[in-house]
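The values are calculated or read from the model by the stated rules, or taken from the named source; none is laboratory data. No experiment lies behind these values; they were computed from the predicted model shown. Virtual Cβ from ideal backbone geometry, glycine too; neighbours counted across all protein chains shown. Ligands, DNA and RNA are stripped out before the accessible areas are found, and what is left, the full protein with its side chains, is counted by its heavy atoms. Shrake-Rupley method; radii C 1.70, N 1.55, O 1.52, S 1.80 Å.
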Amino acid sequence: MKCLEKGVVVWLTGLPASGKTTIARGVTEKLRGEGYRVELLDGDWVRKTINPDAGFTREERKRHLLRVAWISRLLARNGVVVLCSFVSPYRDVRAEIRRIVEEEGIPFVEVFVRCSVEECIRRDPKGLYKKALRGEIPYFTGISDPYEEPVNPEIVVDTEHGRVEANVEKVYSYVKNILQGLAQQSL
């Protein structure tokens, strides 16, 4: 197991069904295969376990995501690479998440998982877009609630036109470069 003095927080943001968790899982597997301590925090899992009462209004999402930011910061402070896969639709909340992480001196990497709403609707693995289009799910990002694309993310991956393996490799390579820099600093 590779021990780091501090880890990294990698925050994948994009529309529901854009492929955030698929990419995060791929990066997690590669890093674990190299002996890094890695945690994947996925929106569905966190809502089922840590924060089951989280709602979807703007304020409820903000509270939910800031809780995840603090958890991520604590993990990274202890040498864990944390991959966070959350829609996190609002720029101001993502900026606050970055501030929470970076004020501890932990590298923060924002990954924009780009995919059109039309493609996400076509994929719709959980049938949520169909329900949102029928008005059954309020505050659904991309349908009845906005998604504010990142202005200056560290990484942009295109899951509509790019291959999963290439997108995983792009994120992995970026993070691996940061980890190598952190290892050098701790020598």
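Ligands, DNA and RNA are left out, and with a 1.4 angstrom probe the accessible area of the chain is 50 Å² per residue.
With θ taken as phi - 60° and the Karplus curve 6.51 cos²θ - 1.76 cosθ + 1.60 applied, the whole-hertz 3J(HN,Hα) list for region 112-128 is 8, 8, 7, 6, 5, 4, 4, 5, 5, 5, 4, 5, 5, x, 10, x, 6 Hz, x standing for glycine and proline. Measuring against 30 Å, Cα to Cα, the residue pairs LYS6/LYS30; LYS6/LYS126; LYS131/LYS170; LYS48/LYS131; LYS2/LYS62 contain LYS6/LYS126; LYS131/LYS170; LYS2/LYS62 as the ones spanning a longer distance.
Only protein atoms count toward the accessible area here, which uses a 1.4 Å probe; on region 6-92, the carbon and sulfur part of that area reaches 51 percent. Note down the net charge around PRO89, summing +1 for each Lys or Arg and -1 for each Asp or Glu among other residues with Cβ under 11 Å from its Cβ. The answer is +1.
Is the shape of region 49-187 best called rounded, prolate or oblate, per the rule: a/c under 1.5 gives rounded, else a/b larger than b/c gives prolate, else oblate, with a ≥ b ≥ c the square roots of the Cα gyration tensor eigenvalues?
Values: a/c = 2.37, a/b = 1.44, b/c = 1.64.
Verdict is oblate for region 49-187.
The distance linking region 4-49 with region 120-144 is 23 Å (Cα centroid to Cα centroid, whole angstrom).
Note on GLU96 and ASP44: the extension gain reaches 16.6 nm, defined as 0.36 nm multiplied by sequence separation minus the Cα-Cα distance. Largest GNM mean-square fluctuation across SER85, SER173, SER18, computed for the chain with C-alpha springs under 10 Å, falls on SER173.
Where in region 135-187 are there chymotrypsin sites (Phe, Trp or Tyr not before Pro) that are in a DSSP coil and have at most 16 other Cβ atoms within 10 angstrom of their Cβ? Intermediate results must be reported in sequence, preceding the final value.
Numbers: sites: TYR139, PHE140, TYR147, TYR172, TYR174; in loops: TYR139, PHE140, TYR147.
Passing both the DSSP loop test and the Cβ count: TYR139.
Accessible surface of region 122-187, 1.4 Å probe: 51 percent of it comes from carbon and sulfur atoms.
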